[in-house]
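Engineer: Next up is a structure, given as structure tokens.
No value in this document is a laboratory result; all are computed from the given coordinates. As the structure is a prediction and not an experimental result, all values here were calculated from the model. Methodologically, a virtual Cβ is constructed for each residue, glycine included, from the backbone with ideal geometry; neighbour enumeration extends over all protein chains shown.
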Amino acid sequence: MDANSVSLKEHLMAIDPEFRALVLEHQQYEARLSELMALPYPTPEELMEETILKKKKLLVKDKMEALLNRYRRQLSSK
């Protein structure tokens, strides 16, 4: 990740409530996934939860990237 992407993400965190909410949701999924992956013997339910969380986390990341791309297009058209 380059410095421009980091600063753009920080900027969007400050000004865009939707982006901020997505980042928070992504962090929550990451925290729970870390807990699940640390389990020595996960149950079938925990394995299923892990799979679902990975998909949700990826979906949230895609939404964040879409917002970043939209904002980049707005900046380049100015």
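Engineer: Can you compute the helix-only [θ] at 222 nm over the chain? Use -39500 (n - 2.57) per DSSP H run of at least 4 residues, normalise by all residues, nearest 500 deg cm²/dmol.
Structural biologist: Value at 222 nm, helices only: -30000 deg cm²/dmol.
Engineer: Moving on to the next point. Can you give me the relative contact order of the chain as a percent, contacts being Cα pairs under 8 Å and 6 or more apart?
Structural biologist: The normalised contact order for the chain reaches 34 percent.
Engineer: A further question follows. Quick one: the Cα spread of segment 3-76 along its three principal axes, in angstroms, biggest first?
Structural biologist: Cα extents, longest axis first: 49, 21, 16 Å.
Engineer: Another one. What number of lysine-lysine pairs in the chain show an alpha-carbon separation below 29 angstrom, given a sequence spacing of 8 or more or placement on distinct chains?
Structural biologist: 11
Engineer: So, in nm, how far is label ASP62 from label LEU36 when the simple model puts each one 7 Å beyond its Cα toward the Cβ?
Structural biologist: Label at ASP62, label at LEU36, 1.8 nm between them.
Engineer: Within the chain, which whole H helices from DSSP have a Cα span along their axis of at least 27 Å and a mean Kyte-Doolittle hydropathy of -0.5 or more, if any?
Structural biologist: 17-37
Engineer: Quick one: ARG20, ARG70, fewest Cβ neighbours within 10 Å first, how do they rank?
Structural biologist: Values: ARG20 13, ARG70 10.
So the residues, fewest neighbours to most, are ARG70, ARG20.
Engineer: Could I ask something else about it? Using alpha carbon centroids, what distance separates segment 34-74 and segment 7-22, in Å?
Structural biologist: 18 Å
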